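One structure below.
The values are calculated or read from the model by the stated rules, or taken from the named source; none is laboratory data. Keep in mind it's a predicted model, so treat the numbers as computed, not measured. Quick reminder, even Gly has a Cβ in these numbers, built from the backbone with ideal geometry, and neighbours come from all protein chains shown.
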Amino acid sequence: VTFCLCLQGHLLEKAGIVNKTKVVDNGKKIRKNWSQSWTVLHGGILTFHRDPKSAPSSNMIVPEYTVELRGASVCWAPKEKSSKKNVLELRTRQGCEYLMQYDTESIIADWLKVVQDTIRQLVRQ
Ligand code: I3S
């Protein structure tokens, strides 16, 4: 029993660069604004940081969206959601929706797995 509790307490962590856009904000569809993002998964929260190129002062790592993964869902986005390849669709319990994309399929497949596994872990906690 102790062993299982320890495993459950350990949430997955990952960080890397992806392209992202928010597409729905609290149930309301919004205009896409794709940008590159330093993306960090920690403690069941996914944080998309602002593209330093678009920030007023460069080389700052500024969080743009923090996404609570508890109760969220993630899948490969249906083709009609984007003309880009390798796109994930992430929906939160609060009714926000994000797309995540990267041209290298393995990069985005790794994100799918780690986000899916985290969502599953959070259900058991
Ligand atoms: O699904 P959409 O709205 O056709 O998405 C495209 C547009 O957001 C476009 O910008 P405009 O707001 O100027 O139309 C973007 O440049 C495209 O990248 C968006 O589509 P993709 O298929 O790349 O997700």
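Quick one: which residue in R70, R31, R91 is in contact with a Cys (Cβ under 9 Å, 6 or more places away or on another chain) and not hydrophobic (A, V, I, L, M, F, W, C)? Before the answer, list the steps.
Working: R70 fails: in contact with a Cys (Cβ under 9 Å, 6 or more places away or on another chain); R31 fails: in contact with a Cys (Cβ under 9 Å, 6 or more places away or on another chain).
After ruling out the rest, the residue left standing is R91.
Could you list, ordered by first residue, the pairs with Cβ atoms under 9 Å in which the first is in the stretch 94-121 and more than 16 Å from the ligand (Cβ to nearest atom) and the second is among the acidic types (D, E), at least 6 apart or interchain?
Within 9 Å, the pairs are Q94/E68; G95/D25; C96/D25; V114/E13.
Is it true that some residue in the stretch 48-57 is out of contact with any Ser or Thr (no Cβ under 8 Å at 6 or more places or on another chain) and in a strand (DSSP E or B)?
No.
How many of the residues in the stretch 59-106 are of a type in the set (S, T, N, Q) and under 13 Å from T21 (Cα atoms)? Before the answer, list the steps.
Within the stretch 59-106, the subset of a type in the set (S, T, N, Q) is 59, 66, 73, 82-83, 86, 92, 94, 101, 104, 106.
Now narrow it down to the ones that are under 13 Å from T21 (Cα atoms): 66, 82, 101.
Result for the stretch 59-106: 3.
Quick check on the stretch 26-41: of everything there that is surrounded by fewer than 13 Cβ atoms within 10 Å (Cβ to Cβ) and more than 16 Å from the ligand (Cβ to nearest atom), which residue is farthest from L69 (Cα to Cα)?
G27
Results for (1) at pLDDT 95 or above; (2) aliphatic (A, V, I, L, M), shown as yes or no for each residue.
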site: V62; (1), (2): no, yes
site: Y65; (1), (2): yes, no
site: W76; (1), (2): yes, no
site: L99; (1), (2): yes, yes
site: I108; (1), (2): yes, yes
site: V115; (1), (2): yes, yes
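What is the number of the single condition among (1) within 12 Å of the ligand (Cβ to nearest atom); (2) part of a strand (DSSP E or B); (3) closer than 16 Å to L112 by Cα that V23 does not meet?
Tallying (1) within 12 Å of the ligand (Cβ to nearest atom); (2) part of a strand (DSSP E or B); (3) closer than 16 Å to L112 by Cα, V23 fails exactly one: (3).
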